[in-house]
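Before any comments, here is the structure.
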Amino acid sequence: MKSKTIFECSGCGHQEPRWLGRCPECGTWNGFTEVPAVDAPGRPAPGGSSREKKAALPIPLSSIETRDGMRLDTGIGEMNRVLGGGLMRGSSVLVGGEPGIGKSTLMLQLAVRIVTPGRSLYISGEESPGQLRMRAERLAVSSPRIEVLAETELTAIMQVLEQVKPVLIIVDSLQTLYTREVNALPGSVNQIKVCTQELVEWARSRGSGLLLVAHVTKEGAIAGPKLVEHLVDTVLDFEQASAEVRTLQAMKNRFGSVDEIGFFRMTETGLAEVADASSLFLTRREGEIPAGVAVAPLFEGSRALLIEIQALAVPAKSGISRIYSDRIDSGRVARMAAVLEKHLGLHLADHDIYVNVAGGIRIAEVGVELPIALALYSARVNLPLPARTAVIGEVSLTGEVRPVPGLEKRSRACSELGFESLIGPGGAEGLPPDGAAYTGVVLVKEAVRAVFGDSD
């Protein structure tokens, strides 16, 4: 007798007739759950609905026409920056973030501010229309072009889309959708894949912008199968940098750069854009700078931000030294500690090392390496860096300070925020006269000497 249930992997959707401890496709452990079996004729076609579709015909690339106005102005400058200039017509955007961070608030503000004569459809699977109205009143936003649909069944949603034909579609959230063509609970792997594919195809064929709000796992990754991230055009990560500051960054973007970051501040009336983020992550102090602190002008996308790097070195209690760094790659911190030991004779192998970034922003630029090295040196010898001095540069394993791009813009950003001196790679030419005074160094040892004198 044929079994009426099968086992499906929660990570990739792979199915097996019996339970397995480890998925042979994606390697997930203990991810198989028992679901009802569906006969082959009733199973939807891979990647979409089982409904018949018209045959597609190839088109010569040279005959494809592009038109002006392909991007929609979202009315939110930081959102436009992250998307690459606006929301592309026919594109799909997946927005993930922790619960309560402000995803729904951002989507509602976008629906009100977007510059388009067409209508916007807000599909709510988690909140009732009354709750959305209360949120809108709290945010003091309103627009007659916004229509709300409290529905989670895909067929009913597709019927409304055909009637309304909105220019902007917001789905909050993707995990609440389901279709009767898939015999599984809402939020399951197959339900998410099929619903996403249907909505993405509809938006692409009609030239509408589609935004899908997604849950995240406890590890911070977007919940659901990885295939969903491949189906959409853009994946945005909405994170909390501090109690008030939120950051929006593209993890994938087919129509723009993934280097830009949008900054928002959570207020009583919703999310407010941070117009000048240059000093957002600087700590305002009275008096001397403590040891272990270095300021670095780093590029996040197209703008230079001054970031405070904080380091602490304490004797290891267990006899085994450890590195604690969650905002900067711990491997990079370990390399800088090894460079200091090798080329300056600074003993760090018997110390626990802590590295933090003020404001909580994640740093990936290689230019942060020299600031890390000087912050570690400062913390170890208990000597503070001079006030109003910034540091920038990549450090090689041989102890050389390598050049970084955009020194002119970094120098000007330092000067605008009151920093008088910038220490970085040697050989820099053409720095602006209105920027900070520049000191070029070739080796890490020279950088230490330039900052701390002959104390090394």
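May I ask you to verify whether Leu407 is surrounded by 21 or more Cβ atoms within 10 Å (Cβ to Cβ), modelled with pLDDT under 95, touching a strand residue (DSSP E or B) at 6+ places or on another chain (Cβ under 7 Å) and over 23 Å from Val355 (Cα atoms)? For Leu407, the condition - surrounded by 21 or more Cβ atoms within 10 Å (Cβ to Cβ), modelled with pLDDT under 95, touching a strand residue (DSSP E or B) at 6+ places or on another chain (Cβ under 7 Å) and over 23 Å from Val355 (Cα atoms) - is met.
Yes/no matrix, rows are residues, columns are (1) outside the structural domain of Val381 (by TED's automatic domain parsing); (2) surrounded by 21 or more Cβ atoms within 10 Å (Cβ to Cβ); (3) within 28 Å of Gly102 (Cα to Cα):
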residue	(1), (2), (3)
Gly256	yes, no, yes
Asp259	yes, no, yes
Gln310	no, no, no
Asp326	no, no, yes
Asp329	no, no, yes
Ala337	no, yes, no
Ala358	no, no, yes
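Each row is one residue, and each column tells you yes or no for (1) closer than 20 Å to Ser242 by Cα; (2) without any contact (Cβ under 8 Å) to a residue 60 or more places away in the chain; (3) in contact with a His (Cβ under 7 Å, 6 or more places away or on another chain); (4) of a type in the set (Val, Ile, Thr).
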{"residue": "Tyr324", "(1), (2), (3), (4)": "yes, yes, no, no"}
{"residue": "Arg332", "(1), (2), (3), (4)": "no, yes, no, no"}
{"residue": "Ala338", "(1), (2), (3), (4)": "no, yes, no, no"}
{"residue": "Ala349", "(1), (2), (3), (4)": "no, yes, no, no"}
{"residue": "Ile353", "(1), (2), (3), (4)": "no, yes, no, yes"}
{"residue": "Asn356", "(1), (2), (3), (4)": "yes, yes, no, no"}
{"residue": "Ile361", "(1), (2), (3), (4)": "yes, no, no, yes"}
{"residue": "Gly367", "(1), (2), (3), (4)": "no, no, no, no"}
{"residue": "Leu374", "(1), (2), (3), (4)": "no, no, no, no"}
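Of all the numbered requirements in (1) at pLDDT below 95; (2) surrounded by fewer than 22 Cβ atoms within 10 Å (Cβ to Cβ); (3) over 21 Å from Leu271 (Cα atoms), Val160 misses one, and that requirement is (1). Would you mind stating whether Leu110 is assigned to a strand (DSSP E or B) and under 28 Å from Gly130 (Cα atoms)? Judged against the criteria, Leu110 is not a match.
Inspection of the range 181-188 identifies no residue that is crowded, with 20+ Cβ neighbours inside 10 Å and outside any loop (DSSP other than H, G, I, E, B).
Quick test for you: out of Gly430, Gly440, pick the one residue that is more than 21 Å from Ile307 (Cα to Cα), out of contact with any Ser or Thr (no Cβ under 7 Å at 6 or more places or on another chain) and modelled with pLDDT under 95.
Values: Gly440 fails: more than 21 Å from Ile307 (Cα to Cα).
After applying the criteria, what remains is Gly430.
Each residue in the range 289-323 was checked for being modelled with pLDDT under 90, part of a loop (DSSP other than H, G, I, E, B) and either of a type in the set (Lys, Arg) or within 30 Å of Gln249 (Cβ to Cβ) (or both), and 4 of them qualify.
Kindly evaluate Glu286 against the criterion of being assigned to a strand (DSSP E or B) and under 18 Å from Ala358 (Cα atoms). It is false that Glu286 is assigned to a strand (DSSP E or B) and under 18 Å from Ala358 (Cα atoms). For the range 367-414, filtering for residues that are at negative phi, charged (D, E, K, R) and not in a helix (DSSP H, G or I) leaves 3.
Only one of these conditions is not met by Asp326: (1) under 24 Å from the mean Cα position of the chain (by Cα); (2) part of a helix (DSSP H, G or I); (3) within 17 Å of Glu308 (Cα to Cα). Which number is it? Of (1) under 24 Å from the mean Cα position of the chain (by Cα); (2) part of a helix (DSSP H, G or I); (3) within 17 Å of Glu308 (Cα to Cα), only one is false for Asp326: (2).
Beta carbons closer than 6 Å, at least 6 apart along the sequence or on distinct chains, never pair a first residue in the range 405-422 that is β-branched (Val, Ile, Thr) with a second that is at pLDDT below 90 and not in a helix (DSSP H, G or I).
Somewhere in the range 163-179, is a residue surrounded by fewer than 17 Cβ atoms within 10 Å (Cβ to Cβ) and assigned to a helix (DSSP H, G or I)? Yes: the range 163-179 contains one or more residues that are surrounded by fewer than 17 Cβ atoms within 10 Å (Cβ to Cβ) and assigned to a helix (DSSP H, G or I).
Residue check: Val228 meets all listed conditions (1) over 30 Å from Val357 (Cα atoms); (2) surrounded by fewer than 19 Cβ atoms within 10 Å (Cβ to Cβ); (3) among the β-branched types (Val, Ile, Thr) but one, namely (2).
The values are calculated or read from the model by the stated rules, or taken from the named source; none is laboratory data. Here the structure is a predicted model, which is why all the values come from computation and not from measurement. Neighbour counts run over all protein chains shown; Cβ positions are idealised from the backbone, glycine included.
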